[in-house]
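Taking it in order: structure first as C-alpha cells, then the write-up.
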Amino acid sequence: MKFKAEELRDILDGDDVVSDVLSGHRRWSVDHRLVFRKDGKFYQTRYSVGATEMQEESPWQDETEVECQEVIQVVEPAVVFKPAQEPGEGE
C-alpha cells in the first residue's frame, strides 16, 4: 500500500509508531526500519536520515509516495544470553 511521504513524516512524530529500529549504517546515512499502525493494521517501511548534523537528509525527502508492506504481529520465543554466574557468586 502506498502512503504519502508527508503522512509518514507525521506518523514518525506521533503515537502510531510501533517500532523504529536501526537497520544499518552507511558513511553518510543511518537506515531505519519503521513499523506503524494505521486504521487498525500494521505496516512496515524503511527510511534513512543523515548520519551527522552536516548531512541534510530527512526521511523520504525525495519521495512523494512510499510503498509500505502490511505486516502482522507475531509473538515468537527469543534466545537471550545471561551470565552463567552472577557477579560475586562462586568467589
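Computed from the coordinates by the stated procedures, all read-outs in this text should not be read as laboratory data. In this text the structure is predicted, and so the values were computed from the model without any measurement. Cβ placement follows ideal geometry from the backbone for every residue including glycine, while neighbour counts extend to all protein chains displayed.
Odds and ends about this structure:
- Reachable lysines, given that their alpha-carbon falls under 29 Å from the alpha-carbon of Lys41 and they are not under 8 places away in the same chain: Lys2, Lys4
- Distance cut-off 20 Å, percentage of C-alpha pairs in the chain lying past it: 48 percent
- Extension gain, Lys41 to Ser29, is 1.4 nm, computed as 0.36 nm per intervening residue step minus the present C-alpha separation.
- Taking chymotrypsin sites (Phe, Trp or Tyr not before Pro) across the stretch 2-91, the ones in a DSSP loop with at most 15 further Cβ atoms lying within 10 angstrom of their Cβ are Trp28, Phe81.
- Packing-based exposure ordering (other Cβ within 10 Å, fewest first) of Glu7, Glu56, Glu76: Glu76, Glu56, Glu7
- In order along the stretch 24-29, phi translates into HN-Hα couplings of x, 9, 10, 4, 10, 9 Hz, rounded to whole numbers, per the Karplus curve 6.51 cos²θ - 1.76 cosθ + 1.60 with θ = phi - 60° and x for Gly and Pro.
- Placing +1 on each Lys and Arg Cβ and -1 on each Asp and Glu Cβ, with no other charges, gives the stretch 2-71 a dipole about its Cα centre of roughly 340 debye.
- Placing pseudo-labels 7 Å out from each Cα toward the beta carbon at Ala84 and Arg9 gives an inter-label distance of 5.3 nm.
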